[in-house]
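Asker: Quick one: this structure, given as structure tokens, is what I'll be asking you about.
The values are calculated or read from the model by the stated rules, or taken from the named source; none is laboratory data. Just so you know, these numbers come straight off a predicted model, no measurement behind them. All Cβ positions, glycine included, derive from the backbone under ideal geometry; neighbour counts span all protein chains shown. Side chains are part of the model used for accessible areas, which takes the heavy atoms of the whole protein and leaves out ligands, DNA and RNA. Shrake-Rupley method; radii C 1.70, N 1.55, O 1.52, S 1.80 Å.
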Amino acid sequence: METSKLLKGRPAALKPFSGRSDILVASTVPSGLDPRGQYLGNPTSIPAPVISSSPFIPSILIEHLMRRKKNSALAIKFKALSGTDEITNMEGALHTYVTPICLSFLHGDYRYSAGHRMVRFSDIEAKSDSRKMQQARQVVISASVQPDFEGKQVMLRACALRESAAEGAPLPKSFQILDVKSKQDDKKRNAYDTALRAHLIYHLTANHRLPGLPEVSARIVDWTAAIKFLAGQIAASEIDYAGIERTYIKLPTSAIISLEMLFNSAVQQLRNEISALEALCPQGYVLTIDPPSIFAQEIGAELLNRTQFIALKWLAEGGNIFENMKVFAFNDYADHDAVRLIRHALQKQDHVHVVPKVQLFPGPRGLYQALPGTEKALLVVHNNSDAFGQNIETEWESGSMDGAIGANSSAAASLFRTREDLVANLM
């Protein structure tokens, strides 16, 4: 299945991102005021996001996903009979393949220390008068949505096998989003979500189907064997796609999922993000990854990580050159074998420094320090965004990484749901 090529170029109207992350700049936020609130007070002073998506996501659905999130969705997916929820569970699964990229002002560096928090930068005196202004770091914030395995309703529902086979089918060209009232009706919503699931199966499997459990009983491996298989594939000279296609994983919860769908999801997500960064950051970029724990509850972070690493290898060895990627930094606090595996995955991109994320944030305060030769590059951070709620706009600072970055940056203004140009920059 050919999914390995990066998107090339950018729309003519899109300019490359300016700025660098190794120095601090004076922001427009006065000392003592709430950064998020100040930027939200004038959202169009901040550029709209660039949105990179997989070609099988209808444009009508991209705008729906970006605009119709509820204010907050902490551990909540679609809530039936709420009367107001507009994003169904399978629409949320499709958000995995829609990645907003924001050039942002970040008013501190993220640090996890007995909770989520930001190490705020000191104020600086404004040049025009004696007022104190907050300093910020210019960064790229990727509001990508991790594959949502927080419960059984989203990605697990999409890629889990059942007794009967599930035949994939692309959405018709006349596809329309189900109206809010109909989404409160279980029968109508389930039929709609079934069609969205079939669309995913069609585009994420070579045979355009998920077999029934009786067909694959001899090809089911347990979670530990899957981890070992993926690690071997990452270190191998060539990825055995047929082996991935034939492998089904029994999770500790007893659900059985398609490794092929999991792998191709990771390929699509990385392809979308790296394609955008390559086009938008000619000065170079430093990619940092903080693996999610909440979104991996049903599947395990280690399995999700290794699926991402083998997808990275698939892209890195598929004829692509990550020309502008300077550093790949992974937060390996809970996965000490991760950096070694990423180095295997990126061995053909030998200009990329692969390091533990902590190496970029040394010292007792943990402030960003560019590696030698990467000083002019833009730092890329992820807020581990949510498909169902606009948590980056509403969540408190200590609640999650999404809340910490949202409360201390301009990203919520870029992603403001009612801004006219929210979906103007599509890749």
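Asker: Pick out the one residue from Ile405, Ile392 that is in contact with a His (Cβ under 9 Å, 6 or more places away or on another chain) and of a type in the set (Val, Ile, Thr).
Answerer: Exactly one of Ile405, Ile392 is in contact with a His (Cβ under 9 Å, 6 or more places away or on another chain) and of a type in the set (Val, Ile, Thr), namely Ile405.
Asker: With respect to Ser27, determine if the residue is under 20 Å from the mean Cα position of the chain (by Cα) and either modelled with pLDDT of 95 or more or surrounded by 14 or more Cβ atoms within 10 Å (Cβ to Cβ) (or both).
Answerer: So Ser27 fails the test.
Asker: Taking the stretch 58-113 as the search range and keeping residues that are assigned to a loop (DSSP other than H, G, I, E, B) and closer than 30 Å to Arg20 by Cα, which one is least open to solvent (accessible area, probe 1.4 Å)?
Answerer: This residue is His107.
Asker: Residue under question is Tyr333, and the condition is that it be closer than 19 Å to Ser104 by Cα, within 22 Å of the chain's Cα centre (by Cα) and part of a loop (DSSP other than H, G, I, E, B); does it hold?
Answerer: no
Asker: A further question on this structure: Would you point out which residue out of Lys173, Lys181 is farther than 24 Å from Asn272 by Cβ and open to solvent by 70 Å² or more (accessible area, probe 1.4 Å)?
Answerer: Lys181
Asker: Can you find even one residue in the stretch 129-141 that is open to solvent by less than 20 Å² (accessible area, probe 1.4 Å) and either outside any strand (DSSP E or B) or among the hydroxyl-bearing types (Ser, Thr, Tyr) (or both)?
Answerer: Within the stretch 129-141, not a single residue is open to solvent by less than 20 Å² (accessible area, probe 1.4 Å) and either outside any strand (DSSP E or B) or among the hydroxyl-bearing types (Ser, Thr, Tyr) (or both).
Asker: How many residues, within the stretch 290-306, are part of a helix (DSSP H, G or I), open to solvent by less than 30 Å² (accessible area, probe 1.4 Å) and among the hydrophobic types (A, V, I, L, M, F, W, C)?
Answerer: 4
Asker: Mind telling me which of the residues Asn320, Asn384, Asn324 ends up being closer than 30 Å to Glu63 by Cα, at pLDDT 95 or above and not aliphatic (A, V, I, L, M)?
Answerer: The conditions single out Asn324.
Asker: So, in the stretch 331-386, how many residues would count as being hydroxyl-bearing (Ser, Thr, Tyr) and under 30 Å from Leu94 (Cα atoms)?
Answerer: 2
Asker: Scan the stretch 35-43 and tell me whether some residue there is surrounded by fewer than 23 Cβ atoms within 10 Å (Cβ to Cβ), free of Cβ contacts under 8 Å to residues at least 24 places away in the same chain and within 19 Å of Ser400 (Cβ to Cβ).
Answerer: Within the stretch 35-43, one or more residues are surrounded by fewer than 23 Cβ atoms within 10 Å (Cβ to Cβ), free of Cβ contacts under 8 Å to residues at least 24 places away in the same chain and within 19 Å of Ser400 (Cβ to Cβ).
Asker: Scan the stretch 331-347 for residues that are surrounded by fewer than 18 Cβ atoms within 10 Å (Cβ to Cβ) and among the small types (Gly, Ala, Ser) and jot them down.
Answerer: Ala334
Asker: With respect to Glu393, is the statement that it is modelled with pLDDT under 95, of a type in the set (D, E, K, R) and open to solvent by 10 Å² or more (accessible area, probe 1.4 Å) true?
Answerer: No; evaluated as a whole, the condition is false for this residue.
Asker: Related question: Search the stretch 352-368 for residues being assigned to a loop (DSSP other than H, G, I, E, B), under 16 Å from Thr288 (Cα atoms) and in contact (Cβ under 8 Å) with a residue 24 or more places away in the chain, and hand back the single one that is most open to solvent (accessible area, probe 1.4 Å).
Answerer: Leu367
Asker: Let me ask something else. I'd like the residue in the stretch 1-14 that is surrounded by 12 or more Cβ atoms within 10 Å (Cβ to Cβ) and among the basic types (Lys, Arg) and, out of all such residues, is modelled with the highest pLDDT.
Answerer: Only one residue fits best here, namely Lys5.
Residues checked against (1) in contact (Cβ under 8 Å) with a residue 60 or more places away in the chain; (2) open to solvent by 50 Å² or more (accessible area, probe 1.4 Å); (3) under 23 Å from Asp148 (Cα atoms):
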{"residue": "Gln308", "(1), (2), (3)": "no, no, yes"}
{"residue": "Phe322", "(1), (2), (3)": "no, no, no"}
{"residue": "Val327", "(1), (2), (3)": "no, no, no"}
{"residue": "Gln349", "(1), (2), (3)": "no, no, no"}
{"residue": "Ala377", "(1), (2), (3)": "yes, no, no"}
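Asker: Quick test for you: out of Leu196, Leu230, pick the one residue that is within 21 Å of Ala93 (Cβ to Cβ), open to solvent by less than 10 Å² (accessible area, probe 1.4 Å) and not in a loop (DSSP other than H, G, I, E, B).
Answerer: Leu196
Asker: Oh, and also: Please find, within the stretch 253-282, the residue that is nearest to Arg219 (Cα to Cα) out of those that are of a type in the set (Val, Ile, Thr) and open to solvent by 10 Å² or more (accessible area, probe 1.4 Å).
Answerer: Going through the qualifying residues, I end up with Ile256.
Asker: So, one more: Among the charged types (D, E, K, R), touching a Gly at 6+ places or on another chain (Cβ under 9 Å) and not in a loop (DSSP other than H, G, I, E, B): is that true of Glu397 in this structure?
Answerer: For Glu397, the condition - among the charged types (D, E, K, R), touching a Gly at 6+ places or on another chain (Cβ under 9 Å) and not in a loop (DSSP other than H, G, I, E, B) - is not met.
Asker: Of the conditions (1) surrounded by fewer than 19 Cβ atoms within 10 Å (Cβ to Cβ); (2) among the aromatic types (Phe, Trp, Tyr); (3) assigned to a loop (DSSP other than H, G, I, E, B), Phe149 fails just one. Which one is it?
Answerer: That leaves (1) as the condition not met.
Asker: Taking the criterion of being out of contact with any helix residue (DSSP H, G or I) (no Cβ under 9 Å at 6 or more places or on another chain) and at pLDDT below 95, would at least one residue in the stretch 269-283 satisfy it?
Answerer: No, the stretch 269-283 has no match at all.
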